[in-house]
Amino acid sequence: MEYKAKEVLRKHGVPVPDGQAVSAPDQIRSISGPVMVKAQVLIGGRGKAGGIKPANTVEEAKKVASAILGMNIRGYVTKEVLLEQRLEVAKELYLSITIDRSRRCLMFMASPSGGMDIESVSEDRILMQPVDPLIGYQPFIGRKVAAFMGLPPDQAAQVADICGKLHEAVVDEDAELAEINPLVVTKQGKVIASDAKITIDSDALFRHPEFESLPDDLTPLEEKAKKLDIAFVQLDGNIGVIANGAGLTMATLDSINMYGGKAGVFLDLGGTDDPEKVKSAMMLMKEANPKVVLLNIFGGITKCDTVAKGVLEALEGKKPSFPIVARIKGVNEELGRSMLKDAGMIPASGLSEAAELASKESLRRV
Amino acid sequence: MAVVVDNNTKVVVQGITGYQGTYHTLAMREFGTKVVAGVRPGKGGETVNDTPVFDSVADAVRETGANTSCIFVPAPRCKDAAMEALDAGVRTIVVVTEHLPVLDAIHMVSVARSRGVTLIGPNCPGVASPGKAKVGILPSKIFKPGHVGVVSKSGTLTYEIVNAITERGIGQSTCVGIGGDRVSGTNFIDVLELFQQDRETKQIVLVGEIGGTAEEEAAEFIKANVKKPVVAYIAGRTAPPGKRMGHAGAIIARGRGTAESKIKALEAAGVRTAKLPTDVPELLK
């Protein structure tokens, strides 16, 4: 959320406009001069959708806020608005730090063409400046970034300073993305973060419990799965796939597709050997209510009988509303397979056969 | 010959007293790996299944001559464990630990690479050279000694493919699971280079997945440097954009990282790509 990102930036000394976030118009008591009222949703293109509007008085701000609150912006309902000091914009720049996977480092991206999607800026207008992890952030990096922006010396010095502070924010908060777009140069010559987005590395939340409750771009079932530490993605087909391991689960989806089926759920158990986790996974699958379920297990850390036990517990001895095609391979496969077969599941010996059977079932059950 | 791990590998297991550490120490031994030591601060002097436990990696290296570390330490302490191994002079490190913060991975991996240490992972199943040694959690039963080198971002999908080629009587020189995180210590190119030089490896299987551009970079490298035949499978052809598919790195973001782009790049480099994982054995000859 923009205002949360700005709180983080402010904490690390990056200049941001004064602002207040509200969830109802009557929370607005006073404003410090002309403001922008900005919808707080987790999606871009708010301006075009009518989610950002100016206001000059408290009355006006209330009116605008009540129009924007509740607004549906590309599928996201606006629950909060940010009232923010209106900037007199002279120039819009772009500045971000991301993870560069190939170079294995943090990467500054900077452009004198801010205010638009960086993807639409031509490459010669973008500077990519890596931060060598062994050298760390040094002020020369900020100077190099600032020089690329083509600004007068006092403004360049402000940009260089912001680079250092943005890097500090990324490292201290374990962000995997920190983007300021636009980074505004005001008519008064002040450089200030007008809009910002920060994504925290979910694997680093153990160091940042304060971020645990931040909203995510997930469906209710996906949200539930996340709390259970299960990788769960809803798709637009009707076959529910449960497998262990991300690559194997993806390969199972692809195999189904080859046989004319379409996956509706991607559920990766990961490397668990806890029947309770398998049980919760199967309960989630029941809630998702696919036409067919394909269970594809290559046992290692995850033992086959553990999976069978969890699945059977979730079904509580009742016949599920969908057929289950089960392909069980690896550690304790005989045991797991016979447990599932006794419960009436359709056995398959290989991945291709399982994919074919599940696809056929899904097409038959219209 | 084989690559990364072989008969000269002497393993110290960091986090040996945990459930996974204890279980896989035994499994590695049964595979024929020389597991010479374990580390658990505060438990020095004890033994786990006859393996001596030390308080520090430095102690383990000094007392046993360990040259390879296998790390099972949980994510919050994983970077510390890897840095300790680097400081103790270990030459190969396999990081099994998953959910490592990406900034920790960046730091740990840069130090390893700057010192010429081979670090595999994080979030990887490890490395197996059948008939010689395995370091990590790969299931022993699926392997057979032979001449196919396998490099993969995935765990269980690798098992699936290795199992399929073993069932067809085709053995492997070494299988390297490099892990599916965004930042890995060893990438496809590093392993392809090793396989190209390795006399035991005659053919190569590359198992990739959506996200990032590592497969495209591997394709460039293959075109220019790899003379041995390469077969590839890319998982995630039907994955939707913007959704993280299990692995931290498996996401199609801003139009980049699609399976199509990877398959196209690999085929342009003369790599035969399998439509299904079970088609891989067919393409090996």
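The values are calculated or read from the model by the stated rules, or taken from the named source; none is laboratory data. Here the structure is a predicted model, which is why all the values come from computation and not from measurement. We place every Cβ from the backbone using ideal geometry, glycine too, and count neighbours over all the protein chains shown.
So here's what we get for this one:
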{"quantity": "Only one of B:GLU215, B:GLU200, B:GLU193, B:GLU220 that is within 28 Å of A:GLY237 (Cα to Cα), out of contact with any Cys (no Cβ under 8 Å at 6 or more places or on another chain) and at pLDDT 95 or above", "calculated": "B:GLU215"}
{"quantity": "Filtered residues of region A:57-83 (kept if without any contact (Cβ under 8 Å) to a residue 40 or more places away in the chain and assigned to a loop (DSSP other than H, G, I, E, B))", "calculated": "A:THR57, A:GLY70, A:MET71, A:ARG74, A:GLY75, A:THR78"}
{"quantity": "In region B:183-209, the residues that are β-branched (Val, Ile, Thr) and touching a Pro at 6+ places or on another chain (Cβ under 9 Å)", "calculated": "B:VAL183, B:ILE204, B:VAL207"}
{"quantity": "Number of positions in region B:233-256 that are assigned to a loop (DSSP other than H, G, I, E, B), at the interface with chain A (Cβ under 10 Å from one of its Cβ atoms) and within 16 Å of B:SER154 (Cα to Cα)", "calculated": "10"}
{"quantity": "Residue in region A:44-67 that is within 14 Å of chain B (Cβ to nearest Cβ) and surrounded by 14 or more Cβ atoms within 10 Å (Cβ to Cβ) present", "calculated": "yes"}
{"quantity": "Test set (1) more than 14 Å from every other protein chain (Cβ to nearest Cβ); (2) touching a helix residue (DSSP H, G or I) at 6+ places or on another chain (Cβ under 9 Å); (3) not acidic (Asp, Glu) - A:ILE230 fails condition number", "calculated": "(1)"}
{"quantity": "Only one of A:GLU353, A:GLU316, A:GLU334 that is surrounded by fewer than 22 Cβ atoms within 10 Å (Cβ to Cβ) and within 23 Å of A:ASP254 (Cβ to Cβ)", "calculated": "A:GLU353"}
{"quantity": "Options A:LEU253, A:LEU284: the member that is in contact with a strand residue (DSSP E or B) (Cβ under 8 Å, 6 or more places away or on another chain), more than 14 Å from chain B (Cβ to nearest Cβ) and in a helix (DSSP H, G or I)", "calculated": "A:LEU284"}
{"quantity": "Residue list for region A:333-356, restricted to those being within 14 Å of chain B (Cβ to nearest Cβ) and either more than 15 Å from A:LEU295 (Cβ to Cβ) or not in a loop (DSSP other than H, G, I, E, B) (or both)", "calculated": "A:GLU333, A:GLU334, A:LEU351, A:SER352, A:GLU353, A:ALA354, A:ALA355, A:GLU356"}
{"quantity": "Subset of region B:257-285 that is away from every other protein chain (no Cβ under 13 Å) and part of a helix (DSSP H, G or I) - its residue that is farthest from B:GLY146 (Cα to Cα)", "calculated": "B:SER261"}
{"quantity": "Residue list for region A:172-185, filter: surrounded by 17 or more Cβ atoms within 10 Å (Cβ to Cβ) and out of contact with any Phe, Trp or Tyr (no Cβ under 6 Å at 6 or more places or on another chain)", "calculated": "A:GLU173, A:ASP174, A:ALA175, A:GLU176, A:ALA178, A:GLU179, A:ILE180, A:PRO182, A:LEU183, A:VAL184, A:VAL185"}
{"quantity": "Options B:ASP181, B:ASP190; residue that is under 29 Å from A:ARG101 (Cα atoms), in contact with a helix residue (DSSP H, G or I) (Cβ under 9 Å, 6 or more places away or on another chain) and acidic (Asp, Glu)", "calculated": "B:ASP181"}
{"quantity": "Of all residues making up region B:15-68, the number that are on the phi < 0 side of the Ramachandran plot and small (Gly, Ala, Ser)", "calculated": "10"}
{"quantity": "Qualifying residue in region B:212-227 (condition: crowded, with 24+ Cβ neighbours inside 10 Å, within 14 Å of another protein chain (Cβ to nearest Cβ) and of a type outside the set (A, V, I, L, M))", "calculated": "yes"}
{"quantity": "Total residues in region A:1-23, condition part of a helix (DSSP H, G or I) and touching a residue at least 24 places away in the same chain (Cβ under 8 Å)", "calculated": "8"}
{"quantity": "Region B:98-122 - residue that is within 18 Å of B:ALA250 (Cβ to Cβ) and at pLDDT 95 or above and, of those, nearest to the other protein chains (Cβ to nearest Cβ)", "calculated": "B:PRO101"}
{"quantity": "Residue in region B:161-184 that is touching a Cys at 6+ places or on another chain (Cβ under 8 Å), closer than 15 Å to B:ALA274 by Cβ and without any contact (Cβ under 8 Å) to a residue 60 or more places away in the chain present", "calculated": "yes"}
{"quantity": "Unique match (being more than 15 Å from B:ALA265 (Cβ to Cβ), more than 12 Å from every other protein chain (Cβ to nearest Cβ) and part of a loop (DSSP other than H, G, I, E, B)) among B:THR166, B:THR186, B:THR201", "calculated": "B:THR201"}
{"quantity": "Any chance B:ALA232 is closer than 22 Å to B:ASN163 by Cα, out of contact with any Phe, Trp or Tyr (no Cβ under 8 Å at 6 or more places or on another chain), surrounded by 18 or more Cβ atoms within 10 Å (Cβ to Cβ) and at pLDDT 95 or above", "calculated": "yes"}
{"quantity": "Long-range neighbours under 8 Å by Cβ, at least six apart or interchain, first residue more than 24 Å from B:ILE161 (Cα to Cα) within region A:329-350, second polar (S, T, N, Q)", "calculated": "none"}
{"quantity": "Residue under evaluation B:VAL151, criteria (1) buried (at least 24 other Cβ atoms within 10 Å of the Cβ); (2) touching a Pro at 6+ places or on another chain (Cβ under 8 Å), criterion not met", "calculated": "(2)"}
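To keep it simple, each residue is scored yes or no on (1) touching a residue at least 24 places away in the same chain (Cβ under 8 Å); (2) in a helix (DSSP H, G or I); (3) of a type in the set (A, V, I, L, M, F, W, C); (4) closer than 22 Å to B:PRO122 by Cα.
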| site | (1), (2), (3), (4) |
| --- | --- |
| B:TYR23 | no, yes, no, yes |
| B:PRO41 | no, no, no, yes |
| B:ALA58 | yes, yes, yes, yes |
| B:ARG62 | no, yes, no, no |
| B:SER69 | yes, no, no, yes |
| B:GLU84 | yes, yes, no, yes |
